[in-house]
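Contents: one structure, followed by commentary.
The values are calculated or read from the model by the stated rules, or taken from the named source; none is laboratory data. Owing to the predicted nature of the structure, the values given are computational and were not obtained by experimental measurement. Glycine gets a Cβ as well: all are built from the backbone with ideal geometry, and neighbour counts include every protein chain shown.
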Amino acid sequence: MTALLYTLGLVAFFLAILASIGLHELGHLIPAKRFGGKVTQFFVGFGPTLWSRKPRAGQETEVGIKAFPLGGYVKIVGMLPPGPSGEQRDSNTGMFTQLISDARQAEWEHVTPADEPRLFYKMAWWKKVIVMAGGPTVNLLIAFVCYLAIFGLYGERTTVADAGRPVLAEVTQCVIPYVENRTTCQAGDPESPAAVAGLEAGDEITSFNGTAVTSWAQLKALVQANDDGAATLRFLRDGVEQEATTNTTVEARPTGTSSTTETLRQVGFLGVTPTSHTEVTHGGPIYTLRQMAGMAKDSVVSFVHLPAKVWGVAKAIAGVEDRAADSPVSIVGGSRYAGEAVSSSDFPLTEKLVFLASLVGGFNLFIGLFNFIPLLPLDGGHIASALWEGLRRGVARLLGRPDPGFVDAAKLLPIAYVVASAMLVMGVVLIVGDLVVPVHLTAE
């Protein structure tokens, strides 16, 4: 039964991501056709074609599925304009200019005179923006629907320390790096400062280094600001006040508030957990948008650290270091998460469904935001080109200058090739990492 549930969870997530990819491409296809563009192909996946349906009478778009479900594409005719002199292929010997020429020739091989009015590059700049923004916008809408269902029906669960002076629910016996996905101590783990002090569950902390403690938030701030300094704690045990001394240590701990990503910072660490309770907050569309805004902010920060985190996965594959628990995952890792959650006996059915919805929402949020990065071959690169075209044409009109014409996105192809190569390498590393050194929901 466990294996069956694991498979069901994996397949459910996998199909949800395939559907998201297809809807992303529909976000491009529908406005492109609405604006008169010619779309010859609509495919989910890359590589060899597994199945396709050729255009029938009165149709012009081939629809199909390819072997590797790592994305999708729609072929819109006329994405690249002719060269500066109207040529479809330049005569040159430079490596990058040759790449541009080859791409331009490939773009124009299947363009017929009848297609001229329907070429993508001839669309108004704002139409180009709508067409290219349609895909990632669909991903953001999928994420919104997922999170709206979670926040509206299930609510956001937040663990909150009980009011008043902190009463300890747990004392960590050793210091386990936060990024390591385990909860039990191992040989070589240093003893936690709290264990050195002799603190026990049920102790009520009354002061820290001479400062009276009235709440968990205050104690947490005092500990984190103490770095690796000496610490004197006073506490009540069975109604009797006692005192203990120790030294806090410095550890990387989460300091962000997002429910999807965590920001780690080196802070003072004691090793205690207070008694707490769960608060449930329900919210509608506005609440969901506010929560997603925070998630988006953290996602943008994660983009900056993505190459370094992928490099960490590469080192884990090579056996140089253990894979961090907060490392990024591919669709393979996401599918494993889904399978483990659905097959686990630790979660009730409702929480399993919520986890799947949050996983699908998180992937779509990431994919949507990532595609808005203004670099080719991402959708954001085409959007930036269209916006630049509209800006310079508008400025030319205001200044009474000649129309500068269409922006030639082909000139940015060398950058696109570099970005695409980097994305391919990172994608392969994450897939291999998810197969060789996978990250699990819980420690094995």
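Do we find a residue being surrounded by 14 or more Cβ atoms within 10 Å (Cβ to Cβ), outside the structural domain of Ala324 (by TED's automatic domain parsing), on the phi > 0 side of the Ramachandran plot and in contact (Cβ under 8 Å) with a residue 40 or more places away in the chain anywhere in region 222-229?
Among the residues of region 222-229, at least one is surrounded by 14 or more Cβ atoms within 10 Å (Cβ to Cβ), outside the structural domain of Ala324 (by TED's automatic domain parsing), on the phi > 0 side of the Ramachandran plot and in contact (Cβ under 8 Å) with a residue 40 or more places away in the chain, which makes the answer yes.
Go through region 390-416 and give me each residue that's part of a helix (DSSP H, G or I) and touching a residue at least 40 places away in the same chain (Cβ under 8 Å).
Once the filter is applied, which keeps residues that are part of a helix (DSSP H, G or I) and touching a residue at least 40 places away in the same chain (Cβ under 8 Å), region 390-416 yields Gly390, Arg393, Ala409, Ala410, Lys411, Leu413, Pro414, Ile415, Ala416.
In region 230-246, how many residues are surrounded by fewer than 19 Cβ atoms within 10 Å (Cβ to Cβ) and within 41 Å of the chain's Cα centre (by Cα)?
Applying the first criterion (surrounded by fewer than 19 Cβ atoms within 10 Å (Cβ to Cβ)) to region 230-246 yields 230, 232, 234, 236-245.
Going one step further and asking which of them are within 41 Å of the chain's Cα centre (by Cα), we end up with 230.
Total satisfying the criteria: 1.
Residue under question is Gly390, and the condition is that it be more than 27 Å from Val419 (Cα to Cα) and surrounded by fewer than 19 Cβ atoms within 10 Å (Cβ to Cβ); does it hold?
Numbers: more than 27 Å from Val419 (Cα to Cα): no; surrounded by fewer than 19 Cβ atoms within 10 Å (Cβ to Cβ): yes.
So Gly390 does not fit the description; no.
Here are Leu356, Leu365: which of them is of a type in the set (A, V, I, L, M), crowded, with 19+ Cβ neighbours inside 10 Å and more than 25 Å from Trp126 (Cα to Cα)?
Going through Leu356, Leu365 in turn, the sole match is Leu356.
Inspect all residues belonging to region 1-11 and state whether any of them is within 21 Å of the chain's Cα centre (by Cα) and either assigned by TED's automatic domain parsing to the domain that holds Met123 or surrounded by 17 or more Cβ atoms within 10 Å (Cβ to Cβ) (or both).
yes
Anything in region 64-98 that is at pLDDT 55 or above, assigned to a loop (DSSP other than H, G, I, E, B) and either more than 19 Å from Pro117 (Cβ to Cβ) or of a type in the set (Gly, Ala, Ser) (or both)? List them, or say none.
Passing the criteria: Gly78, Gly83, Pro84.
Restricting the search to region 32-63, which residues are under 31 Å from the mean Cα position of the chain (by Cα), surrounded by fewer than 16 Cβ atoms within 10 Å (Cβ to Cβ) and assigned to a strand (DSSP E or B)?
Matches in region 32-63: Thr40, Phe46, Gly47, Pro48, Thr49, Leu50, Trp51, Ser52.
Examine region 373-389 for a residue that is of a type in the set (Val, Ile, Thr), more than 18 Å from Ala133 (Cβ to Cβ) and assigned to a loop (DSSP other than H, G, I, E, B), and state whether such a residue exists.
no
Which count do you get for residues in region 300-337 that are closer than 19 Å to Ala16 by Cβ and of a type in the set (Ser, Thr, Tyr)?
Here the count works out to 3.
Might you check whether a residue that is surrounded by 14 or more Cβ atoms within 10 Å (Cβ to Cβ), polar (S, T, N, Q) and at pLDDT below 90 occurs anywhere in region 275-282?
no
Condition test on Val240, is it among the hydrophobic types (A, V, I, L, M, F, W, C) and either within 25 Å of Ala221 (Cα to Cα) or outside the structural domain of Glu191 (by TED's automatic domain parsing) (or both)? First the steps, then the outcome.
Working: among the hydrophobic types (A, V, I, L, M, F, W, C): yes; either within 25 Å of Ala221 (Cα to Cα) or outside the structural domain of Glu191 (by TED's automatic domain parsing) (or both): no.
No: the conditions fail for Val240.
Tell me, which residue of region 332-353 that is surrounded by fewer than 19 Cβ atoms within 10 Å (Cβ to Cβ) and of a type in the set (A, V, I, L, M, F, W, C) is farthest from Ala149 (Cα to Cα)?
Val332
When you go through (1) of a type outside the set (Val, Ile, Thr); (2) modelled with pLDDT of 90 or more; (3) assigned to a helix (DSSP H, G or I) one by one for Ser299, which number turns out not to apply?
Unmet for Ser299, out of (1) of a type outside the set (Val, Ile, Thr); (2) modelled with pLDDT of 90 or more; (3) assigned to a helix (DSSP H, G or I): (2).
Could you list all residues from region 417-444 that are among the acidic types (Asp, Glu) and touching a residue at least 60 places away in the same chain (Cβ under 8 Å)?
Asp434 - this is the single residue of region 417-444 that is among the acidic types (Asp, Glu) and touching a residue at least 60 places away in the same chain (Cβ under 8 Å).
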